[in-house]
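Comments concern the structure below.
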Amino acid sequence: MKTIISAEQKGKTCPPRRIPFNEKMTASKLQNAYDEIANQYEKKIWFDQHILGVARLRKKLLSKANGKILDVACGTGLNIPLFPLGSDITAVDLSPNMLEVARANATKHNLNVNLAVMDAEHLEFPDGSFDTVVSTLSTCTFPDPVRALQEMKRVCRPNGLILLLEHGHSNLPWLANFQDRNEYKHFQEHAGCRWNQDPLDLVQSAGIKVLGGKRYILGMFHSIEAKPL
């Protein structure tokens, strides 16, 4: 199921409200959480990837990447084999353990990837370093997603491309209500994931120009193409 989003349509913001302030994620908490689940991460997301069809959405979106590519919050490296052949790929993540799995995945596919431990909210690259900046299923966990998106914008060349695959608040009222009611439980069980944010709204709030996007899978998954303003 998909719904087309026009490039100018404003997203509906639903900021997390049921998460106690003392439990909100910090960079160190996030790093620890993902270090703990690194070896089981791909099993945890198997249903979303292969039954709901997220793997297919990844492949379609990332085929548009080109030139010098940065994969932000790369996790276990699921994106790496999907980039066009011959790409110059840099991949960063806050979790050293997730990066170790990503390194093994890159080796398995005979790919040469520059990997580094790095906070998405403080990318250690000069302005305009990359032709394409990619991030998938990440803004839901960043402590400050707008700050992270602004960093992606900064390191992307002015005429470059920003590709995002994110999940968030459904546009189906019954499902959106379910997400809202279970916001805190989902946050606790999925390493700080805030699943009722609106990715499109976050992108626009970061001053990034949305070229277009689509909603998939009951309106929860957003595939977004954008560029720095």
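The values are calculated or read from the model by the stated rules, or taken from the named source; none is laboratory data. Predicted model only: the values in this text are computed from it and were never measured. Cβ: placed from backbone, ideal geometry, glycine included. Neighbour counts: every protein chain shown. Surface areas here come from the heavy atoms of the whole protein model, side chains and all, with no ligands, DNA or RNA. Shrake-Rupley method; radii C 1.70, N 1.55, O 1.52, S 1.80 Å.
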### Task
Take region 69-96 and flag every residue that is open to solvent by 20 Å² or more (accessible area, probe 1.4 Å) and more than 11 Å from V134 (Cα to Cα).
L78, P81, L82, P84, L85, G86, S87, D88, L94, P96
#### Entry: Residue in region 108-119 that is most open to solvent (accessible area, probe 1.4 Å), counting only those that are closer than 26 Å to D144 by Cβ and in a loop (DSSP other than H, G, I, E, B)
D119
### Summary
Among G86, G77, the single one that is of a type in the set (G, A, S), assigned to a loop (DSSP other than H, G, I, E, B), on the phi > 0 side of the Ramachandran plot and within 16 Å of the chain's Cα centre (by Cα) is G77
### Query
Among the candidates N66, N105, which residue alone is open to solvent by less than 40 Å² (accessible area, probe 1.4 Å) and touching a Ser or Thr at 6+ places or on another chain (Cβ under 7 Å)?
N105
### Task
List every residue pair whose Cβ atoms lie under 6 Å apart, where the two residues are 6 or more positions apart in sequence or sit on different chains, the first residue falls within region 122-144 and is closer than 23 Å to Q179 by Cα, and the second residue, located anywhere, is acidic (D, E) and open to solvent by 10 Å² or more (accessible area, probe 1.4 Å).
D144/E121
### Query
Within region 125-157, can you find the residues that are crowded, with 23+ Cβ neighbours inside 10 Å, aromatic (F, W, Y) and farther than 20 Å from P84 by Cα?
F142
### Residues of region 158-208 satisfying the condition of being surrounded by fewer than 19 Cβ atoms within 10 Å (Cβ to Cβ) and of a type in the set (S, T, Y)
Y184, S205
## Note on the structure
Checked against (1) closer than 24 Å to S205 by Cα; (2) over 16 Å from the mean Cα position of the chain (by Cα), R58 satisfies every condition except (2)
## Note on the structure
Reported set for region 56-74 where residues are closer than 21 Å to F125 by Cα and not in a loop (DSSP other than H, G, I, E, B) is K68, I69, L70, D71, V72
### Task
Name every residue in region 140-170 that is more than 12 Å from the chain's Cα centre (by Cα) and part of a loop (DSSP other than H, G, I, E, B), in order of residue number.
P143, D144, H169, S170
### Message
Suppose the filter is within 30 Å of F178 (Cα to Cα), open to solvent by less than 10 Å² (accessible area, probe 1.4 Å) and part of a helix (DSSP H, G or I); does L99 pass it?
### Response
no
### Task
Take region 209-229 and flag every residue that is part of a strand (DSSP E or B), open to solvent by less than 30 Å² (accessible area, probe 1.4 Å) and either small (G, A, S) or farther than 18 Å from C140 by Cα (or both).
V210, G212, G213, S223, A226, P228
### Message
Looking at the structure I just gave you, is G192 under 15 Å from the mean Cα position of the chain (by Cα), in contact (Cβ under 8 Å) with a residue 40 or more places away in the chain and in a strand (DSSP E or B)?
### Response
no
### Query
Has region 207-220 got any residue that is within 12 Å of the chain's Cα centre (by Cα), of a type in the set (A, V, I, L, M) and closer than 19 Å to L70 by Cα?
no
### Query
Just one of the numbered conditions (1) out of contact with any Leu (no Cβ under 7 Å at 6 or more places or on another chain); (2) at pLDDT 95 or above; (3) over 20 Å from R194 (Cα atoms) is not true of F130; which one?
(1)
### Task
Taking the residues in region 17-42 that are in a loop (DSSP other than H, G, I, E, B) and more than 18 Å from D119 (Cβ to Cβ) as candidates, determine which candidate is most open to solvent (accessible area, probe 1.4 Å).
R17
